[in-house]
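For reference, the structure is listed below as structure tokens.
Please treat every number below as a calculation from the coordinates, not as lab data. All values derive from a computational prediction rather than experimental measurement. All Cβ positions, even for glycine, are placed from backbone atoms using ideal geometry, and neighbour counts span all protein chains on display.
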Amino acid sequence: MSNDPGRPVLALNAGSSSLKFGLFMVGASGSRVLVSGAEETVGEPQAAMARIAERMNAQGLAAPVAVGHRIVHGGPQCRHHSLIDAAVMQQLEAAAEFAPLHVPQALALVRAAQARFPGIAQVACLDTAFHSGMPDVARTLPIPRELRALGIERYGFHGLSGESIVRQLGNDLPPRLVIAHLGHGASITAVAHGGSVDTSMGLTPTGGVIMSTRCGDIDPGVLAYVVREHGYDAAQLEALIDQRSGMLGISGLSGDLRELLAAAASTSPSGADARLAIAMFCASVRKQIAAMAVVLGGVDLLVFTGGIGENDASTRASICEGLVALGIPTAASRVMRAQEDEQIAWRTSQLVT
């Protein structure tokens, strides 16, 4: 049994408008949380870092030996979890064009953390890293070579969630695993012997299954049509596919599955729209699970995770309907918590000597 007491590592999990944080004591035998919470960060990353430091000081906790940052997109240059130096920071700044709502905010937090904890290692933990070893047949998009040379390819996301599932399974990890991360954003990933070999999201977190407000995969001709016939510009297209579509667009009510399930009981037209949105979401996820089963040549275990995947039994049951025909019995599915913050701390500790 290890006597390693561990080292304190601060994990920062930044979204587009807020951040989750956790100070973990990370040792050889595992990690435990010392303090955690959430902060609003829009326009005030330095203030958020000051409040986090105050909470740590109020509990008499030691300063972290390192700070790990969730970075949604590393772009074509930054493929792996990395210690942040000037060169890595430049690569991440260049990647901001692929995820403009997330990466600039995360990098502002990196700078704020550097100012709050000077001299302490900062680590970029990439949501795309888990998928960096996907084969060319999954990674390559069917577009001209000159565009592919610009870094336009399938990157995949929810990688920290996927890594955490693989780590939690440990010796029980099967050869053929499908991870269904279902929340406001949703993706399905095929994992062979612990490595991602295909995933539903693509260049950005917009692709793949139908989501709360994101359209997922859609006929690209739709986008050409609204540009040609209705004068949409890039900003309007982004708002359409990221904020106005998905279950919100289908139902006209909400992108929150909990609200849709409540509305679905109604016999009114809005109830019918809610039922359609739910059914389309479940069908979209089911199709992607089936696709990943083909990629893997079968499924030994299907893991549901994320807010919906972990908490909504009725939706899980609806998704699993029909999968038995593919040799995926309900008994082969499991619910597991996505330990993204713990994964950030663990990866950070690995990179800091």
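Kirkwood hydrodynamic radius for the stretch 7-155: how many Å is it when counted over pairs of different Cα atoms? About 16.3 Å, per the Kirkwood formula over Cα pairs. What percent antiparallel are the DSSP beta bridges of the chain, to the nearest 5? So the antiparallel bridges amount to about 65 percent of the total. With K and R counted +1 and D and E -1, the other residues having a Cβ less than 10 Å from that of residue 75 yield a net charge of -1.
Taking the chain as a Gaussian network of alpha-carbon nodes connected by springs under 10 Å, the highest mean-square fluctuation of the residues 161, 268, 245 belongs to 268. Overall, the chain carries a charge dipole of about 500 debye about its Cα centre when +1 sits on the Cβ of Lys and Arg and -1 on the Cβ of Asp and Glu, all other atoms neutral.
Per-residue extension of 0.36 nm, minus the Cα-Cα distance of residue 234 and residue 33, leaves a gain of 68.2 nm for this segment. The orientation-averaged projected area of the convex hull spanned by the Cα atoms of the chain comes to 19.9 nm². Across the chain, Cα pairs under 8 Å and at least six residues apart give a relative contact order of 17 percent. Normalising by residue count, the stretch 172-335 has a Cα convex hull of 116 Å³ per residue. Between the C-alpha center of the stretch 2-70 and that of the stretch 308-331 there is a gap of 35 Å. How high is the FRET efficiency between residue 337 and residue 276 when r is their beta carbon distance and R₀ equals 35 Å, given to the nearest 0.05? The formula returns an efficiency of 0.70 here. Determine the distance separating the Cα centre of the stretch 128-183 from the Cα centre of the stretch 75-110; give it in Å without decimals. Computed from Cα coordinates, the inter-centre distance equals 18 Å. Database remark: amide H of residue 334 closer than 5 angstrom to the amide H of 302, 303, 304 (H placed geometrically; neighbours at sequence offset of 5 or more, or on other chains; Pro and chain starts carry no H).
The mean sequence distance of close C-alpha pairs (under 8 Å, at least 6 residues apart), as a share of the length of the stretch 293-338, puts its relative contact order at 54 percent. Considering only 351, 147, 52, and ranking their Cα positions along the charge dipole of the chain that arises from unit charges at the beta-carbon of Lys, Arg, Asp and Glu, the one farthest toward the positive end is 351. Considering only 255, 37, 15, the Gaussian network model of the chain with Cα springs below 10 Å gives its largest mean-square fluctuation to 37. Given their separation in residues at 0.36 nm each and the Cα-Cα distance between them, residue 85 and residue 258 gain 58.0 nm when the chain is fully extended. For the chain, the membrane-span-like helices by this rule, meaning whole DSSP H stretches whose C-alpha atoms cover at least 24 Å of axis and whose Kyte-Doolittle mean is 0.0 or above, are 269-296; this says nothing about an actual membrane. Springs join every pair of Cα atoms under 10 Å in this Gaussian network model of the chain, and among 335, 110, 285 the largest mean-square fluctuation is at 335.
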